[in-house]
Amino acid sequence: MRVILSLAVGLLLTASVQAGCDLSSARLGNQVLKVGDAERKVLRHDPDRTVQLENRRGGAAGIRYDFYLHGKTIQVYVRAGRISRICHFND
């Protein structure tokens, strides 16, 4: 019984940490970023962190821009100069 209860509590805690990466837009300030928009729109908002993404062989695969907002992190993935994916994480 304890095992089942601890498993259920663990699943509930991990469910709240999961990201929503199937989103197609994000609000930053008074502007909305959408999948397909130009990278320029992301850079206007001065990202808090920039990460160079690599493929398996070490070649450049894109860039991830992180924005830390009130209790949430928004990650914007850019490939070939266009937004390809937007993820939200609750802190």
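The values are calculated or read from the model by the stated rules, or taken from the named source; none is laboratory data. A quick note: this is a predicted structure, and the numbers were derived from the prediction, not measured. Quick reminder, even Gly has a Cβ in these numbers, built from the backbone with ideal geometry, and neighbours come from all protein chains shown. Just the protein is used for accessible areas: all its heavy atoms, side chains included, with ligands, DNA and RNA removed. Shrake-Rupley method; radii C 1.70, N 1.55, O 1.52, S 1.80 Å.
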Suppose we filter the range 53-80 for residues that are in a loop (DSSP other than H, G, I, E, B) and touching a strand residue (DSSP E or B) at 6+ places or on another chain (Cβ under 6 Å); how many remain? 1
Qualifying positions in the range 44-66 - of a type outside the set (Ser, Thr, Tyr), open to solvent by less than 90 Å² (accessible area, probe 1.4 Å) and closer than 16 Å to SER84 by Cα: VAL51, LEU53, ASN55, ALA60, ALA61, GLY62, ILE63, ARG64, ASP66
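At pLDDT 95 or above, of a type outside the set (Val, Ile, Thr) and farther than 11 Å from ILE86 by Cα, is that true of ALA38?
On the way: at pLDDT 95 or above: yes; of a type outside the set (Val, Ile, Thr): yes; farther than 11 Å from ILE86 by Cα: yes.
Yes, satisfied.
Output the number of residues of the range 40-91 satisfying the condition of being touching a helix residue (DSSP H, G or I) at 6+ places or on another chain (Cβ under 6 Å) and over 15 Å from ARG27 (Cα atoms). Outline the logic, then answer.
First, the residues of the range 40-91 that are touching a helix residue (DSSP H, G or I) at 6+ places or on another chain (Cβ under 6 Å): 65, 76, 78, 81.
Still in the list and also over 15 Å from ARG27 (Cα atoms): 78, 81.
The number of residues fulfilling the criteria is 2.
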Any idea how many residues of the range 26-43 are part of a strand (DSSP E or B), more than 20 Å from ASP91 (Cβ to Cβ) and open to solvent by 40 Å² or more (accessible area, probe 1.4 Å)? 3
